[in-house]
Amino acid sequence: MKDLHMNRSTCISTIALALSLPAVAHAQEDQDTIVVTAQRANQSEVTNGGSAGVLGDKAAEDLPFTIRTYNESLILNQQPLTLGEVLENDATIRTTYGFGNAAEQFVVRGFTLFGDDVGVNGLYGVGPRQLVAPQLYGSVQVLNGASAFLNGAAPGGTGLGGNVNLQLKRAGSRDFVRVTGSAQENARFGGAVDVSRRFGENREWGVRLNGAYSDGETSIDREGRRTAVVGAAIDYSSGPFKAALDLAFQEVRVDGLRPKVTIAAGAIPAVPEADANYAQDFTYSELRDVFGTIDLEYAVADNATIYAKAGARDGSEEGIYGGITVDDAVTGAATGSALFVPATTNNEAVEAGLRVKLGQAITHEFNFGGNANWQVFRTAYDFLPGYGTNLYDTPQVARPDSTGFIGGDLDNPNPTARTTLFSAFASDTVGLWNDRILVTGGLRLQNIRQRNINYDGTPADFYDRDAVTPVAGLVVKPAEQLSLYANRIEALQAGPIVPFDTANPLPNAGQALAPRKSVQYEVGGKLGLGGMFLTLGAYRIERPGEGLLEDGTYGYRGEQRNEGLEFTASGEVAAGLRLIGGAALSDAEYDDGTKVTGVPEYTANADVEWDPAFLRGATLTARVIHTGPQWVDAANTLELETWTRFDLGARYVFAAGETPVTVRLSVDNVANERYWASAFDAFSSALLQGTPRTFKASISADF
């Protein structure tokens, strides 16, 4: 009987196990599906093409320009503090800083792009102007070359070599609630919540809410950063009508920002320790921005769409900006400088137009419309006395009292510049042989009005200039996945506002220069090769140069000519192996034969992601950033050496029940190399030190 009972129990257990195996297998299969789906959604990718301004959303092969878009997953995976860290993935762009304050500027084709001229949802002047926190954005789009016809003149007068457009996060096809915790060296911690939902019978309504906060010391000694962002978007899409409202808030504070290093000794000093900080503890930058846009679009027919968009921004900033000028390159003996600057900006922008496509054998795509931009810039300054310091052994000093060299009302700054830009545009893209040949011709009538105001409120210069700027573009598709292109484009640019330079105070700081005109020529090709997309382009840009004048002011001088080659590659090299890479050659010089400072002779990037088949849910990443030599001084007697940085990382996706969880670990500058990253500076021979080794970690759960 005992044996019978045991056999019966064994039989029952065996049957129960056999019955449970399909359920276990099914559960495992469900978890595998969750992991694979989440891993694919987490891929850092580049989309070739994007929003081409007045021409609308276009694939790369249909454009006589080069446009690529970095996706939201790349931003989430790499955990960047600023927009500049996102653009480190692009071989055609290098990032530097402003003049003592926490203000990123970007070098594209040898020309500067200020944060003032970074677009948001296709509009200029409505986004943060100094530092941009990437957590608010669903994509970062890069356009190489002049974009004055596509987007109108940039109100800050920069962006001639290329531009960046940011798309605020909106609800996509997938609903989720994402919670993220993060940590970075030395002791910076943060958290984020991101909610995306679609509603309605046909899911025509979308809502996206996201917020992030982080605070603590960065990998640079004594440099602290606090960032808080909140974004909200609601969109509607049903039938011929689409609408979207985006609102955002950003607040950033940087304490003890490691400044650029000005050279007065006629020699390049040795690079300090990678994490060294030669800032004073009393220096800081505090930035606050509230901004938003509204987009409306209506398809009046299958081949005709009218659209309108508007945006506005209210920004305020203040800080004690610090600088250091090295007097002895051997010992590091230096003079410190500082000034207090409050500033506010109020900007508005609008654009409206009509797109119509007609014909069959020969097609015409017409674009008509106009845009306008209004900006008011208010500021004042208080230069503080200089003090002795040292690049390699920096003593901390008490905040100096004012020298009395004050401009404007520090408590309530007066307007120092009012800029108004109007333009009207018309273009026709003719398509031949089933759009195998696309010929674009267009005109934009641009008007720029700049009113400069002295710090005491009295009127200064007034500029009112208009010009018709033509554009011509050609696309030829001789074979499947091969597109050849060429363009010629002119631009009328607003004159840039002369920044405050802590090392060399300028008599006309805060004033806007007169508008100026430029021209660009470009030819190139684009090729789809398996899962890869390749581009190659050659360009020449001509415009009036700028720099220090004999009277000590900053203004236009001579002519500047920039030429170069650019190559980019992105996509899937093989199953589970992806690449974002490229290289660029640059030659930028003035008409007297001297080279433009801070423009590397060559740059190259390679960003690789690998999903190893032997470890489900894992992705390994590696990135190399290489920058060639660049001139430091206007006389071209000092030159920075090349530098190379290596980054490594990994992420792992697993399923906690039905919830995908992603863990990310990365190390930037693995070798902790010390290097001068950039010498780009309009006013003096100044160097920006590269980022030290930085450990990053985060964990996200999607519910």
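The values are calculated or read from the model by the stated rules, or taken from the named source; none is laboratory data. For clarity, every value in this text was computed on a predicted model and none was experimentally measured. Here Cβ is always computed from backbone atoms with ideal geometry, including for glycine, and neighbour counts include all displayed protein chains.
Details
- Subset of the range 532-549 (residues that are modelled with pLDDT under 95 and among the small types (Gly, Ala, Ser)): 545, 547
- Within the range 570-582, the residues that satisfy the criterion of being on the phi > 0 side of the Ramachandran plot and either assigned to a strand (DSSP E or B) or at pLDDT below 90 (or both) are 571, 582.
- Looking across the range 173-205, the residues that are small (Gly, Ala, Ser) and at pLDDT below 95 come down to 173, 187.
- Matching residues, the range 588-617, being under 18 Å from residue 162 (Cβ atoms) and either surrounded by 23 or more Cβ atoms within 10 Å (Cβ to Cβ) or in contact (Cβ under 8 Å) with a residue 60 or more places away in the chain (or both): 588, 596, 598, 599, 600, 603, 604, 605
- Hits in the range 302-319 (condition: in contact (Cβ under 8 Å) with a residue 12 or more places away in the chain and over 25 Å from the mean Cα position of the chain (by Cα)): 303, 304, 305, 306, 307
- Unique match (being of a type in the set (D, E, K, R), surrounded by fewer than 20 Cβ atoms within 10 Å (Cβ to Cβ) and within 20 Å of residue 690 (Cβ to Cβ)) among 281, 221: 221
- Taking the range 353-401 as the range and being polar (S, T, N, Q), outside any strand (DSSP E or B) and in contact (Cβ under 8 Å) with a residue 40 or more places away in the chain as the test, the residues that pass are 394, 396.
- Members of the range 571-590 that are more than 26 Å from residue 559 (Cα to Cα) and not charged (D, E, K, R): 571, 573, 574, 575, 576, 577, 579, 580, 581, 582, 583
- Of the criteria (1) surrounded by fewer than 19 Cβ atoms within 10 Å (Cβ to Cβ); (2) farther than 26 Å from residue 276 by Cβ; (3) among the acidic types (Asp, Glu), which one residue 393 fails: (2)
- The range 76-189 holds strands (runs of 3 or more DSSP E) entirely within its bounds, and those carrying 1 or more residues that are closer than 25 Å to residue 247 by Cβ map to 104-108, 111-114, 137-144, 162-168, 176-184.
- Scope the range 396-423; condition surrounded by fewer than 17 Cβ atoms within 10 Å (Cβ to Cβ) and in contact with a Gly (Cβ under 6 Å, 6 or more places away or on another chain); matching residues: 414
- Single residue of 212, 228 found to be in a strand (DSSP E or B), touching a residue at least 40 places away in the same chain (Cβ under 8 Å) and under 26 Å from the mean Cα position of the chain (by Cα): 212
- Among the residues of the range 410-462, those identified as without any contact (Cβ under 8 Å) to a residue 40 or more places away in the chain, farther than 30 Å from residue 340 by Cβ and assigned to a loop (DSSP other than H, G, I, E, B) are 433, 434.
- Selection count, the range 642-673, where residues are closer than 30 Å to residue 261 by Cβ and touching a Pro at 6+ places or on another chain (Cβ under 7 Å): 3
- When each of 475, 498, 468 is tested for being in contact with a Leu (Cβ under 8 Å, 6 or more places away or on another chain), within 26 Å of residue 323 (Cβ to Cβ) and either hydroxyl-bearing (Ser, Thr, Tyr) or in contact (Cβ under 8 Å) with a residue 24 or more places away in the chain (or both), the lone residue that passes is 498.
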